[in-house]
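Undergrad: Mind looking over this structure? Questions follow.
The values are calculated or read from the model by the stated rules, or taken from the named source; none is laboratory data. What you are looking at is a predicted structure, and each value in this text was computed from that prediction instead of being measured. When we count neighbours, we look across all protein chains shown, and the Cβ atoms used for this are built from the backbone with ideal geometry, even at glycine.
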Amino acid sequence: MSDRGAIPSCCAGLYELEITRVLLGPSLHPGGAALTRRLGAAALLHPGSLVLDVASGRGCSLAVWAEQFGSRGVGVDYSAQNLRAARELIPSDRLHWSRGEAGALPFAADTFDAVLCECALCTFPDMNGAVTEMLRVLRPGGRVGISDMVLEAPVPEALQGLFGRVLCIAGARSRRGYLETLVGAGFEAVRHEDHSSALLQMVADIEGRLGTARTLAEAGELDLPSELLDDVELLGTARDFVRSGGVGYALFSARKQR
């Protein structure tokens, strides 16, 4: 789950922690670069497309889309630390970075061909306002692409602590909820795809990385929060919650009216 813009400071800080990167890997979201490319395809990116990545983190997704589709891009993120890292790690005259919040995007109306947001919308304080802003900055006929956690059942109490925050499930909506949010904002041609298998794989990957994290912590090379020390059992709870259909992962796309 990428380092997210326009989220509460506690969550923004969480995604700047090294432990989060150790557990989730470089992409910080289910599906990795493959699902990032799929999101770009759903938004019909093509050479020369001007893309806005809302909550762009360190810019990895914009770089993937630029390489895969030949698009140009602007990343907006809440975290100044993430933006500095993006500028240092991904120097490109086709990619630019700006600090801002999803609920008040610092861009003029009808600017972008596509607006994309990976595994972040559920963390925004005002999801409806953020989607309305995405619509505003899109050009007529432009497309929005969103991948995010979907929540179809109450979150088990065991997953409501730090581990659940790492998985970003507390603020997620149901599939129907996301679809209604997009339609309610004024989008048309709304579609969605289920990618819950990617979430199951991410839980399995976290299980493997937790052992590495403990080894680094014992060597004094990583600050491992005490809340995560006994979270092997929570991984099983998370896996069961995904398999039961209580939580999943989905990709949504829609179009602004021409």
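Undergrad: Counting just the residues of the stretch 56-80 that are hydrophobic (A, V, I, L, M, F, W, C) and under 16 Å from Leu138 (Cα atoms), which one comes out nearest to the chain's Cα centre (by Cα)?
TA: Val76
Undergrad: Under 9 Å between Cβ atoms, at least 6 apart or on separate chains: pull out the pairs that start in the stretch 246-258 with a residue that is closer than 16 Å to Cys122 by Cα and in contact (Cβ under 8 Å) with a residue 60 or more places away in the chain and end on any residue that is part of a strand (DSSP E or B) and polar (S, T, N, Q).
TA: Note: pairs meeting the criteria are Tyr249/Ser147; Ala250/Ser147; Leu251/Ser147; Phe252/Ser147.
Undergrad: Please give the number of the condition Ala80 fails out of (1) touching a strand residue (DSSP E or B) at 6+ places or on another chain (Cβ under 7 Å); (2) at pLDDT below 95; (3) over 23 Å from Gly129 (Cα atoms).
TA: Here Ala80 meets the rest and fails (3).
Undergrad: Sticking with this structure for a sec: Have a look at Ala63, Ala108, Ala85 and point out the one that is surrounded by fewer than 24 Cβ atoms within 10 Å (Cβ to Cβ), assigned to a loop (DSSP other than H, G, I, E, B) and without any contact (Cβ under 8 Å) to a residue 40 or more places away in the chain.
TA: One residue alone meets the criteria, Ala108.
Undergrad: Now, a different point. Just the residues that are within 21 Å of Arg37 (Cβ to Cβ) and aliphatic (A, V, I, L, M), please, taken from the stretch 77-95.
TA: Ala86, Leu89, Ile90, Leu95, listed by residue number.
Undergrad: When the residues of the stretch 162-199 are filtered to those that are among the β-branched types (Val, Ile, Thr) and either buried (at least 18 other Cβ atoms within 10 Å of the Cβ) or touching a Ser or Thr at 6+ places or on another chain (Cβ under 7 Å) (or both), which remaining residue is modelled with the lowest pLDDT?
TA: My answer is Val166.
Undergrad: Which condition number in (1) buried (at least 20 other Cβ atoms within 10 Å of the Cβ); (2) touching a strand residue (DSSP E or B) at 6+ places or on another chain (Cβ under 8 Å) is the one that Thr123 fails?
TA: With respect to (1) buried (at least 20 other Cβ atoms within 10 Å of the Cβ); (2) touching a strand residue (DSSP E or B) at 6+ places or on another chain (Cβ under 8 Å), Thr123 is out only on (2).
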